[in-house]
Amino acid sequence: MKSISNHQKPAVSDSPVSARLSEQELNAAKNARYQAGASNNWGRYLWPVCALIILLVVNLVLDPSFFSLSYQDGRVYGSLIDVLNRCAPVALLAIGMSVVIATGGIDLSVGAVMAISGAVCANLLLTPDVALITVLFVGILVGIIAGLVNGSLVSYLGIQPIVATLLLMVAGRGIAQLINQGQIVTFQSDSFAFIGVGNWLGLPMPIWIVVGMLVVTQLLLRKTALGLFIESVGCNASASRYLGINDKAVKLFAYIIAGVCAALAGMISAANIQGADANNAGLWLELDAILAVVIGGASLVGGRFSLLLSVLGALIIQTLATTIIVSGLPAKFNLLIKALVILMVLLLQSEKFRKQLNGLFSTKTSNNKFGEAQ
Amino acid sequence: MMAKRFLPLWITTGLLIVLFIIGSAQFEGFGSLRVITNLFSDNAFLLITALGMTLVIISGGIDLSVGSVIALSGVVCSVLITQYQWHPVAVFALVLPLGTLFGALMGVLIHEYRLQPFIVTLAGMFLARGLATTISEKSVEIDHPFYDAVSDFGLLLPGNAWLDASSMLFALLLIVIVVIMHFTRLGTNIYALGGNEQSAVLMGVPVKKTTISIYAASSFLATFAGIVFTFYTFSGYALAGVGVELDAIAAVVIGGTLLTGGSGFVIGSVLGVLLMGIIQTYITFDGTLSSWWTKIVIGLLLFFFIVLQKLLNRNNKLHA
């Protein structure tokens, strides 16, 4: 590969295309592109942040004490903290899901992986003479194994991601029930429960776990070339392969991240209830996670991701759920409103719909710009 | 080539027969006509849903909303019959077109706005389930002479086997769908669309009309399945049919339909549902195996069939 690129270097600089464009023109074109990219980036943050602010303002109107925080027994209390705390599992899943979606895949198995890791941890805690660190390690190992299974099915067997992860989604809950012997396994372990209900520096532990995972993943993906590789594979896997990117390994890696995030989320929810419920742990959370990523503005086709936006998406979902409760509407409207929100977000992402919308708003001025309209 | 196309179908049929023989040899009463008719009547709603799912998957799409549509259709039926005293036939005449419209709207979104079927039908799933819970959170019982008549209607077969109305309705729908898929232009268009959308456009396939028809048909069948489900349970419940979409997708894959679209048979999905049903029956007869083994076995089966499809496809590509 190296020798080829060396041979091509002089050829490129002599090519007619670059000869025709002057240095200045090239720079101008480059600058325009950078600027377009930059403004685009801003736009990506604008809508989700606006949505969250609107939701928070609605909450404030409905319940004036919504933003009030109080400090008691070494922990900050308040509705905002509750929202952050409750959205932790979905936020964790959304971090992993956004990486997988960026590679052009999807992971339906995260809910089942949550159930498995919860079940494994609960049973290990019941076994005498197992150190807490081993339990945590094995729990995360479950996520890594799940990611390896999903990832190798997708990249090495070339199975469609929806189908490959559907396998573990169906079988995973069975495996979790098998580990639990069909029962809800409860345990008494204050140290393990700490990751679900404990506090550190005045904030609930799940929030710290999300922040930690967010920072670690962000550093791993954005401070190394991995993130770029992931986006490149998501844009075009075969083109990336010709560039020398090991697209299969990159995909495998993405599913492992998703698996680890799911395992962590599973441990949090097991620690929360001090028990492992194979049937209900993480049930349908994969859909919420996908939704969070979509609300965060990532395209399901892949090619780009923003971990922060996905976590923001998870926050929006949780705030919406809280808003519905605060507003006094029965909780049964939750799904309906969620569905309408998804539809709106989806339509706003569609180019044609935006054009139609623009057409609606610009009809008054269209007479002046008749020539430009085409 | 021909044989290869049918290979997954033969394997599913073979497994079905082998399991039936093993069951019959092991347990008394397993190898009877009654077990077979029960297989149909217990799974009638899933069979009907799987028919629609097959169309969608052959066209290269996916429909996650079917489970919720079943629940919505059941809830609307039961509320109208029980609380508003409508006649069931009038209710069906209202619910079926509405369900079809629901699917058609999803089709419009998918085609017009170039949205992924996966996410549009996911939204549809939330919407239908949300509507169902909004209408009634509690299970609504249906007590109507018409339902009694439906449950009394059936054919007594030898061996005390009972072919009920739901199974007959399913058989009717199966014939209609098979005719549509193999003897009409719409069927050819669906296969073409799943094979390659660009080529389909170039060949003059009306993509918009076909896409909308496919999702409309899937929702129609899911609505129908919801009605059949009320025959089975005599009630409508907003949380009914959770996860049915996954069972239907699994049945379609086990039946040998390619998930990338363009190839597969409706009858394969029927065999897929029956295979899953017979595994369940076997586990029930056994009594010592726990029900979660069903999930694991179905997962393994799925894996086996997906790998099989992959291998078959690889060979096809080499020959082409």
remark   = Going through the stretch B:167-197 in order, the residues found to be modelled with pLDDT of 90 or more and either polar (S, T, N, Q) or at positive phi (or both) are B:167, B:184, B:188, B:189
remark   = Scanning the stretch A:165-203 for residues that are away from chain B (no Cβ under 14 Å) and small (Gly, Ala, Ser), the one surrounded by the most Cβ atoms within 10 Å (Cβ to Cβ) turns out to be A:196
ask   = Taking the stated definitions as given, is residue B:89 surrounded by fewer than 17 Cβ atoms within 10 Å (Cβ to Cβ) and over 21 Å from residue B:227 (Cα atoms)?
value = no
task = Would you tally the residues in the stretch B:166-190 being under 19 Å from residue B:231 (Cβ atoms) and polar (S, T, N, Q)?
result = 2
Matching entry among A:135, A:211, A:142 (being more than 14 Å from every other protein chain (Cβ to nearest Cβ) and surrounded by fewer than 20 Cβ atoms within 10 Å (Cβ to Cβ)) = A:211
key: Output for the stretch A:230-246, where each listed residue is of a type outside the set (S, T, N, Q) and surrounded by fewer than 23 Cβ atoms within 10 Å (Cβ to Cβ)   = A:231, A:235, A:237, A:239, A:241, A:242, A:243, A:244, A:245
request  = Considering only the stretch B:109-127, state which residues are under 14 Å from residue B:56 (Cα atoms) and touching a Lys or Arg at 6+ places or on another chain (Cβ under 9 Å).
outcome  = B:111
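Conditions tested, residue by residue: (1) over 23 Å from residue A:98 (Cα atoms); (2) of a type outside the set (A, V, I, L, M).
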position	(1), (2)
A:193	yes, no
A:196	yes, yes
A:209	no, no
A:221	no, no
A:225	no, no
A:232	no, yes
A:238	no, yes
ask   = Among the residues of the stretch B:121-135 satisfying the criterion of being at the interface with chain A (Cβ under 7 Å from one of its Cβ atoms) and of a type outside the set (Ser, Thr, Tyr), which is nearest to residue B:245 (Cα to Cα)?
value = B:122
key: Sole residue being more than 12 Å from every other protein chain (Cβ to nearest Cβ), touching a Leu at 6+ places or on another chain (Cβ under 7 Å), of a type in the set (A, V, I, L, M, F, W, C) and within 26 Å of residue B:69 (Cβ to Cβ), chosen from B:302, B:274, B:312   = B:274
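Sort out which residues of the stretch A:60-96 are assigned to a loop (DSSP other than H, G, I, E, B), surrounded by 14 or more Cβ atoms within 10 Å (Cβ to Cβ) and not charged (D, E, K, R), and write them in order of number.
Hits for the stretch A:60-96 are A:78, A:87.
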Of the criteria (1) under 21 Å from residue B:279 (Cβ atoms); (2) assigned to a helix (DSSP H, G or I); (3) charged (D, E, K, R), which one residue B:28 fails = (2)
task = Residue by residue through the stretch B:229-256, note down the ones that are in a loop (DSSP other than H, G, I, E, B) and either within 12 Å of chain A (Cβ to nearest Cβ) or more than 23 Å from residue B:163 (Cβ to Cβ) (or both).
result = B:237, B:238, B:239, B:240, B:241, B:242, B:243, B:256
message = Can you tell me how many residues within the stretch B:31-76 are outside any helix (DSSP H, G or I) and closer than 21 Å to residue B:128 by Cα?
response = 5
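The values are calculated or read from the model by the stated rules, or taken from the named source; none is laboratory data. Predicted model, so just to flag it, every value in this text is computed and none were measured. Note that each Cβ is placed from the backbone with ideal geometry, even for glycine, and that neighbours are counted across all protein chains shown.
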